[in-house]
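A.B. asks: Quick one: the structure is below, and I'll ask about it shortly.
The values are calculated or read from the model by the stated rules, or taken from the named source; none is laboratory data. Since we're looking at a predicted model, the values are computed, not measured. Cβ atoms come from the backbone with ideal geometry, glycine included; neighbour counts cover every protein chain shown.
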Amino acid sequence: MPDVVFPCLDEAGALPWVLTRLPAGYRAIVADNGSTDGSAQIAAEHGATVVHVPRRGFGAAAHAGLEAATDDVVCFCDADASMDPAQLPLVADPVLAGEADLVLGRRRPSSRDAWPVHARVANTALSVMMRRRTGLRLHDLGPMRAARRTELLGLGITDRRFGYPLEMVTRASDAHWRVREVDVDYHPRAEGTTSKVTGTVLGTVRTIKDMSGVLNR
């Protein structure tokens, strides 16, 4: 069954729920990016494999988790409880069945509070740019996603910041992968957690900058 990479930075309040929601047979890999709130210890106590990633950056954590994975199929999921790991089969099953090479979970907010306006606007803008760059009719960058490990490593993704998820898609498109989008639920983050990508206006600006750099390469 698939390995699941959870890039993590100070998610102690969310990890217990997140890790207990994994489907049977799925293995959690928590790529800890320098947490100071005990996230790594909590992850280990809940049975996750913990990878310590000293280099800061969302992409650095995600890629370190990918390298540490051993299963043929690897999923990615945020560790802040905004997405329910119980829905991972929605993205993993098409890959396991050989029906798709990369599956992205299109976020469907469960409430108005789940997705801040500034983050939605940024996502819409990036989706438009992504379509122009790749020709893929995608609506979301899909933090919950799945693909085969060896093929992902073969893409040669170089971004180690917020542009990592987008570069995965652009390189997959350039390699003529079959990319699919499926709907997944998107909830307000666990209390006490903040998105490291678009949780703040400044974070959103940094994300757009990093992703624009990927699109302009």
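A.B. asks: Scanning the range 145-162 for residues that are part of a loop (DSSP other than H, G, I, E, B) and free of Cβ contacts under 8 Å to residues at least 40 places away in the same chain, which turns out surrounded by the most Cβ atoms within 10 Å (Cβ to Cβ)?
C.D. replies: First, the residues of the range 145-162 that are part of a loop (DSSP other than H, G, I, E, B): 155-162.
Those still in the list that are free of Cβ contacts under 8 Å to residues at least 40 places away in the same chain too: 155-156, 158.
On the way: 155: 18, 156: 9, 158: 13.
Per the stated criteria, the residue is 155.
A.B. asks: Restricting attention to the range 35-52, and to residues there that are of a type in the set (A, V, I, L, M) and touching a helix residue (DSSP H, G or I) at 6+ places or on another chain (Cβ under 7 Å), which single residue is surrounded by the most Cβ atoms within 10 Å (Cβ to Cβ)?
C.D. replies: Among them, the one singled out is 43.
A.B. asks: Could you go through the range 13-21 and let me know if any residue there is surrounded by fewer than 17 Cβ atoms within 10 Å (Cβ to Cβ), of a type outside the set (S, T, N, Q), out of contact with any helix residue (DSSP H, G or I) (no Cβ under 6 Å at 6 or more places or on another chain) and modelled with pLDDT of 95 or more.
C.D. replies: Within the range 13-21, one or more residues are surrounded by fewer than 17 Cβ atoms within 10 Å (Cβ to Cβ), of a type outside the set (S, T, N, Q), out of contact with any helix residue (DSSP H, G or I) (no Cβ under 6 Å at 6 or more places or on another chain) and modelled with pLDDT of 95 or more.
A.B. asks: I would also like to ask the following. I need the full set of residues from the range 30-63 which are within 15 Å of residue 148 (Cα to Cα) and aliphatic (A, V, I, L, M), in order please.
C.D. replies: 62
A.B. asks: Determine whether the range 44-61 contains at least one residue that is modelled with pLDDT of 95 or more, among the polar types (S, T, N, Q) and over 15 Å from residue 153 (Cβ atoms).
C.D. replies: Scanning the range 44-61 turns up at least one residue that is modelled with pLDDT of 95 or more, among the polar types (S, T, N, Q) and over 15 Å from residue 153 (Cβ atoms).
A.B. asks: Let me ask another. Residues in the range 163-215 that are on the phi < 0 side of the Ramachandran plot, surrounded by fewer than 16 Cβ atoms within 10 Å (Cβ to Cβ) and modelled with pLDDT of 95 or more: how many?
C.D. replies: 4
A.B. asks: Sticking with this one: Select from the range 1-12 the residues that are part of a loop (DSSP other than H, G, I, E, B), of a type in the set (A, V, I, L, M, F, W, C) and modelled with pLDDT of 95 or more and write down the one among them that is surrounded by the fewest Cβ atoms within 10 Å (Cβ to Cβ).
C.D. replies: Initially, the range 1-12 is screened for residues part of a loop (DSSP other than H, G, I, E, B), giving 1-2, 9-12.
So of that shortlist, the ones also of a type in the set (A, V, I, L, M, F, W, C) come out as 1, 9, 12.
Those still in the list that are modelled with pLDDT of 95 or more too: 9, 12.
On the way: 9: 22, 12: 20.
Among those that are part of a loop (DSSP other than H, G, I, E, B), of a type in the set (A, V, I, L, M, F, W, C) and modelled with pLDDT of 95 or more, it is 12.
A.B. asks: For the range 8-16, check the following and say yes or no: at least one residue is farther than 20 Å from residue 189 by Cα and not aromatic (Phe, Trp, Tyr).
C.D. replies: The answer is no, given that none of the residues of the range 8-16 is farther than 20 Å from residue 189 by Cα and not aromatic (Phe, Trp, Tyr).
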